[in-house]
Amino acid sequence: MDILTEAYPGIVTDKALVEGDWSVLVRGERIFWAGGRLLPPEARERSDAYSPHPFFYYSGDYEPPLPSYTEEEKARTRARLERRDRDPPSRNPRFFDLIYGIRDEDSAWAHQISVTFLGYRLTLHRDLAERVARVEDVLREKMIDDPDLREYVDSLDYAAGYSWRLIAGTESRSNHAYGIALDFSPRDYGGREAYWLWTRDFYPDWFTLGWDRRYRPPESFVRAFETEGFLWGGKWFLFDSIHFEYRPEILLLNRSGHGP
């Protein structure tokens, strides 16, 4: 709860223990930490119907060490992924709805703004426009002396932000629906894998792929976004290497030394 108030100052306030659960006010509405879920009062009694709030470990390394797998560990991981397919995560959207002022598709669209980022048109939540502008300033400065970064930016085919949709394979709202997730797609992936869901169709043990087989932006690109509170999806177990999303609470939690 302390991390949430720090991550969203003036929006998340008034941490308090209420009726046995820690809680915060989000734009004046009470949200409870109920069994590891961030839930409005009416959903507290059904907390088991929702997945835990996604607080997770996020490495400070550009290329975190990837685990090696025995055959037994591969089998267990495949079984865990099959269970996820059968019972995908179900997230209550109310916390982020309140953070970003969203009720439905129309209200989501009303909060978006179109900007130019490194020459590409990008639609995102208006609250993030200044952050993304600062990222662009940093990258333009670095591009002067960083040929790898210039080559990467020139290789991009498009940049995408807002899109009213669900997380693939689930009934939970994607962060693209808030305009807080951004994708930067190149014209050519160079034979490397960018997204676990695309990869698993022809490589069942996709989670064993090393960094040499995974597509990734240059470190300078990733760091510029992390400085402004964005995560890079290339570090996730369910990797999505073209994806960035604004989740300052995750970075704060991991930097605090009190990770999940």
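The single condition from (1) surrounded by fewer than 20 Cβ atoms within 10 Å (Cβ to Cβ); (2) in a loop (DSSP other than H, G, I, E, B); (3) not aromatic (Phe, Trp, Tyr) that Asp157 fails is (2). Being modelled with pLDDT of 95 or more, closer than 27 Å to Glu130 by Cα, among the aliphatic types (A, V, I, L, M) and surrounded by 16 or more Cβ atoms within 10 Å (Cβ to Cβ) is not true of Ala194. Residues of region 161-174 being surrounded by 22 or more Cβ atoms within 10 Å (Cβ to Cβ) and under 14 Å from Glu105 (Cα atoms), which ones? Across region 161-174, the qualifying residue is only Tyr162.
Taking each residue of region 70-82 that is of a type in the set (S, T, N, Q) and looking for partners that are assigned to a helix (DSSP H, G or I) with beta-carbon atoms closer than 7 Å, six or more apart or interchain, yields Thr77/Phe207. Report, by residue number, each residue of region 58-67 that is more than 15 Å from Asn254 (Cα to Cα) and touching a residue at least 60 places away in the same chain (Cβ under 8 Å). Correct list: Glu63, Leu66.
Scanning region 19-49 for residues that are in contact (Cβ under 8 Å) with a residue 40 or more places away in the chain and assigned to a strand (DSSP E or B) gives Val26, Glu29, Ile31, Arg37, Leu38, Leu39. Search region 231-246 for residues being in contact with a strand residue (DSSP E or B) (Cβ under 8 Å, 6 or more places away or on another chain) and touching a residue at least 60 places away in the same chain (Cβ under 8 Å), and hand back the single one that is surrounded by the fewest Cβ atoms within 10 Å (Cβ to Cβ). Once the filter is applied, the top-ranked residue is Glu245. Only one of the numbered conditions (1) under 20 Å from the mean Cα position of the chain (by Cα); (2) of a type outside the set (A, V, I, L, M); (3) closer than 25 Å to Arg80 by Cα; (4) assigned to a loop (DSSP other than H, G, I, E, B) is violated by Pro217, and that is (3).
The values are calculated or read from the model by the stated rules, or taken from the named source; none is laboratory data. Since the structure is predicted, the reported quantities are computational estimates derived from the model, not experimental observations. Quick reminder, even Gly has a Cβ in these numbers, built from the backbone with ideal geometry, and neighbours come from all protein chains shown.
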